[in-house]
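Participant: Take this structure, written in structure tokens, and hold onto it; I'll ask about it next.
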Amino acid sequence: MSSLIKPLLNRITMGNYAKSEPTHYLQVALPTPLRRVFDYLPPKSGIDFLRPGIRLKVPFGPRKLIGILIAITAKTDIPLANLKRVEQVLDEQPIIPKDILELCRWVAHYYHYSLGETLGTATPTALRQGRPVAQQTRKLWRLTYPNAEAPSHIARNAKLQLAAWQLLKQHLKGLHEPMLKSLGVSNQTLSALEKKGEAECIYENLPTLHTMPQSILHEAPLTLNPEQAHVVQQILQTAQQFQVFLLQGITGSGKTEVYLQLIEQTLKAGRQALVLIPEIGLTPQTLHRFEQRFAVPIAVIHSGLNDNERYLAWQKAVDYRVGIIIGTRSAVFTPLAKPGLIIIDEEHDASYKQQDSLRYSARDIAIYRARQANIPIVLGSATPSLESVHNAQTHRYRHLHLSQRAGQAKPPSIELLNIRGETLQAGLSPALQQKITQHLEKGQQVLIFINRRGYAPTLLCHECGWVADCPDCDAHLTIHRQPPHLHCHHCDYQQSIPVRCGHCNTASLFPVGAGTERIEDFLLSQFDPIPIIRIDRDSTRGKTRLQELFSDIHQGKPAILVGTQMLAKGHHFPKVTLVAILDADSGLFSTDFRGLERLGQLVTQVAGRAGRGKLAGEVIIQTHHPESPVLNRLVTEGYEVFAKTLLAEREKLSLPPYSYLGLFRVECKNQEEGERLLLQLRELISQFLQYNNLNGPLGVTLLGPLPAPMEKRQSWYRWQLLISSPSRQPLHTAITFAIHQLEGGTQAMIKLARKVRWSVDIDPQDMM
Ligand code: ADP
Ligand code: ZN
Ligand code: ZN
């Protein structure tokens, strides 16, 4: 059809059918918590140039919102009279790439979350706020009339402008703005030249990897040992298609070296690698290793970036200006121009699961992305999650092993130390204290692990048994000495340390138990002048503090390190030969069904810090239950056998990974409202299940409502309803139904649901 006739026809059709139904509707995702998309009429200009992924400004109640166009449809359930028209089209090209939009639709669907807010989590704010998409450009300045012998519009006394003109005359191809600045030419001078027509500014695109010099490596790779070489070869064989690899390798077995060499091959093939690292693992140490190896630019994405920085990193990844994207959880949403490989380091790590708002698992989303892009993904860990071990056993994942330490390091020996009836000082038994002395005398370092910061976990009255509790949570206040105060680790409530009991008013308050500060105090008094280096969240405030502490450790002089989780991951301390775990028993008696799995992972990871250099390592686990079969299995047969034992247990009890879980959580100010809401919801779900034949042991089972393990937090009462099923489909059907009831059921239900805060957690990791 000729371009002249088309508008004419349009006008005729408009004229004839002006009052009839429109033929197209726009589905728009908006930043609201509601789990649905919203239909709008297309703008007056029509739909010809509209693509999913562009931003639209739309009326929403009394407000205007910026949303993302999801789809153009021929149908709507909304009565015509209620439909509003899109007010403004903000982009010509989609700002969200097609695959990321598709990914977000899946994520919103799977986690039962608002698509608009999913896009909000996945994409940088700057992108969505209606700011124009920033170009990755740099400014090149050059003379407007390169052949001129002298400037014609610059006054003789404008010395700076004349100098700048002369400079540009010497560089007829132009100079980049940063270079001009370092040569002393100010922006002011440049814009004066521009105004007078003497110089012009060209916006040049930054180079992409296409146009970059072809050197990929800064330094040569290590020669792989046979095990590593086998693993690399196995993965490269499937380099062009989707496959999940579970790379189980003990700490120090050279997993990182395997990643580096896989990435090298990916880069050589002209593709990008996305590397996810746990929250604590993303240290300058790790980054340094990547930067030393690779000459290609790397984008780093973590929660410490501001939105603009995240936005720039995102752009660099889409524009193929970086070859490697390395980051924590949220980096999983980074678009890739040329996806080639995804790596999840320490895949079992809890920080991959977001614990509020969109409760996603970055590991699981990464697997979806690998499938979507048809590329391999490597899940690496010394202590893989039971879910992943199960997937490897059932051949959904390919299981690869690294069983020996790379280089000269030997695996440490592990001993369970019976502390029943022993007198502990700050949590340390006499036998352990002796061991510490022995290692220090040999000029080595010792690491003491305790998962509790502060001075002591409880302040107790010796007269009446009163304990200092948080007024807003179901939790004791932790005593801190540096500086002295009581602190709630769940809501951040703080107060000064009382002298007298809050109940009987006598002055007989005692700290009970030991945290890192108290152990530090004790060790100082016992091992003076050996330095004690405490590493926990309190001692590492300030950007460079942790690095300072690490460099103290790396000096290699005899020292005792005392620390929490922060010491358990990724770090390499060659002089540490003794590792002590003070309190393994709390993991043995956890109420969470994942308690033992976590204990096994922690013990193995912490033990992995010992003897990473040339010296042999020794690990001591203090316990009141040295005969515990699980602990013994872990110590004598290793994590893999331990994991298999736990899996057999889970299967008997139909717990994940042999079933799937969804958790409705409710928080309320008025204690009984949460219970009432969940009771009613449970009743409705039961009827629904019965009606659809989805009840019974093979269908969906409901547990609750029950108060959460921590019943009150930050003065909110917390209730839970657990939904479980041996297969995913009925679980999600039941959850979809339940959400419909909460968002659009009876008036009474909607009203009650609005009084509380409720959320759904799919594949919950933490039942707290
Ligand atoms: P992991 O990531 O499994 O803990 P790393 O890759 O960090 O293991 O390797 C542990 C140590 O062994 C590092 O110091 C590393 O440089 C060294 N290493 C790894 N692979 C080799 C190899 N093939 N030859 C020599 N040293 C190696
Ligand atoms: Zn509190
Ligand atoms: Zn008292």
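The values are calculated or read from the model by the stated rules, or taken from the named source; none is laboratory data. Everything numeric here is computed off the predicted structure, so don't read it as measured data. Glycine also receives a Cβ, built like all others from the backbone with ideal geometry; neighbour counts cover every protein chain displayed.
Participant: Listed residues Phe294, Phe242; which is at pLDDT 90 or above, farther than 29 Å from Asp536 by Cβ, within 16 Å of ligand 1 (Cβ to nearest atom) and over 20 Å from the mean Cα position of the chain (by Cα)?
Facilitator: The conditions single out Phe294.
Participant: Still on this structure, please answer the following. Any residue in the range 463-490 that is without any contact (Cβ under 8 Å) to a residue 40 or more places away in the chain and aromatic (Phe, Trp, Tyr) sitting within a Cβ distance under 8 Å of a residue that is outside any strand (DSSP E or B) and more than 10 Å from ligand 2 (Cβ to nearest atom)? List the pairs, counting only those 6 or more apart or interchain.
Facilitator: Listed pairs, sorted by first residue: Trp466/Cys501; Trp466/Gly502; Trp466/His503; Trp466/Cys504.
Participant: Kindly indicate the residue of the range 702-731 that is of a type outside the set (S, T, N, Q), out of contact with any Lys or Arg (no Cβ under 9 Å at 6 or more places or on another chain) and free of Cβ contacts under 8 Å to residues at least 24 places away in the same chain and also surrounded by the most Cβ atoms within 10 Å (Cβ to Cβ) among those meeting that condition.
Facilitator: Within the range 702-731, the match that is surrounded by the most Cβ atoms within 10 Å (Cβ to Cβ) is Leu706.
Participant: Select, from Asp39, Asp77, the only residue that is out of contact with any Asp or Glu (no Cβ under 7 Å at 6 or more places or on another chain) and buried (at least 17 other Cβ atoms within 10 Å of the Cβ).
Facilitator: Asp39
Participant: Of the residues Lys557, Lys569, which is more than 16 Å from ligand 2 (Cβ to nearest atom), farther than 26 Å from Pro430 by Cα and either modelled with pLDDT of 85 or more or not hydrophobic (A, V, I, L, M, F, W, C) (or both)?
Facilitator: Only one candidate passes the filter, namely Lys569.
Participant: When you scan the range 606-614, do you find a residue that is under 14 Å from His348 (Cβ atoms) and in a loop (DSSP other than H, G, I, E, B), even just one?
Facilitator: Yes; the residues of the range 606-614 include at least one that is under 14 Å from His348 (Cβ atoms) and in a loop (DSSP other than H, G, I, E, B).
Participant: Which residues, counting only those in the range 149-165, are over 17 Å from Ser186 (Cβ atoms) and surrounded by 18 or more Cβ atoms within 10 Å (Cβ to Cβ)?
Facilitator: Hit for the range 149-165 is Pro151, nothing else.
Participant: Sticking with this one: Can you tell me which residue within the range 197-239, out of those that are exposed (fewer than 15 other Cβ atoms within 10 Å of the Cβ) and among the aliphatic types (A, V, I, L, M), is modelled with the highest pLDDT?
Facilitator: Ala229
Participant: Moving on to the next point. Ile519 - would you say it is assigned to a helix (DSSP H, G or I) and either closer than 18 Å to Ala607 by Cα or within 16 Å of ligand 2 (Cβ to nearest atom) (or both)?
Facilitator: So Ile519 does not fit the description; no.
Participant: Follow-up. Sort out which residues of the range 409-427 are assigned to a loop (DSSP other than H, G, I, E, B), small (Gly, Ala, Ser) and either more than 16 Å from ligand 1 (Cβ to nearest atom) or in contact with a strand residue (DSSP E or B) (Cβ under 7 Å, 6 or more places away or on another chain) (or both), and write them in order of number.
Facilitator: Gly421, Ala426, Gly427, listed by residue number.
Participant: Could you count how many residues in the range 331-356 are outside any strand (DSSP E or B) and out of contact with any helix residue (DSSP H, G or I) (no Cβ under 7 Å at 6 or more places or on another chain)?
Facilitator: Number of matching residues: 7.
Participant: Additional query: Pull up the range 383-408, narrow it to residues that are within 12 Å of ligand 1 (Cβ to nearest atom) and surrounded by fewer than 21 Cβ atoms within 10 Å (Cβ to Cβ), then point me to the one that is farthest from Val258 (Cα to Cα).
Facilitator: Gln408
Participant: Which residues, counting only those in the range 438-468, are outside any loop (DSSP other than H, G, I, E, B), away from ligand 3 (no atom under 13 Å from the Cβ) and not acidic (Asp, Glu)?
Facilitator: Of everything in the range 438-468, those that are outside any loop (DSSP other than H, G, I, E, B), away from ligand 3 (no atom under 13 Å from the Cβ) and not acidic (Asp, Glu) turn out to be Gln438, His439, Leu440, Gln445, Val446, Leu447, Ile448, Phe449, Ala456, Thr458.
Participant: Hey, Gly46 hits all of (1) in contact with a helix residue (DSSP H, G or I) (Cβ under 9 Å, 6 or more places away or on another chain); (2) under 25 Å from Trp106 (Cα atoms); (3) surrounded by fewer than 18 Cβ atoms within 10 Å (Cβ to Cβ) but one; which does it fall short on?
Facilitator: So Gly46 meets the others, but not (2).
Participant: From Leu400, Leu428, which residue is within 30 Å of Ser253 (Cα to Cα) and at pLDDT 95 or above?
Facilitator: Leu400
Participant: Further, regarding this structure: Taking the condition touching a helix residue (DSSP H, G or I) at 6+ places or on another chain (Cβ under 6 Å), more than 17 Å from Ser388 (Cβ to Cβ) and away from ligand 2 (no atom under 16 Å from the Cβ), does Arg293 pass?
Facilitator: yes
Participant: Also, I was wondering about something else. Can you tell me which residue among Ile497, Ile533 is among the aliphatic types (A, V, I, L, M), within 16 Å of ligand 3 (Cβ to nearest atom) and without any contact (Cβ under 8 Å) to a residue 60 or more places away in the chain?
Facilitator: Criteria check complete, one pass: Ile497.
Participant: Quick one: Val630 ticks every box in (1) over 25 Å from Gln404 (Cβ atoms); (2) touching a Gly at 6+ places or on another chain (Cβ under 8 Å); (3) at pLDDT 95 or above except a single one, so which number is it?
Facilitator: (3) is the only condition that Val630 fails.
Participant: If you don't mind, another one. Just checking, how many residues over the range 501-552 are on the phi > 0 side of the Ramachandran plot and within 34 Å of the chain's Cα centre (by Cα)?
Facilitator: Residues flagged as on the phi > 0 side of the Ramachandran plot and within 34 Å of the chain's Cα centre (by Cα) within the range 501-552 amount to 2.
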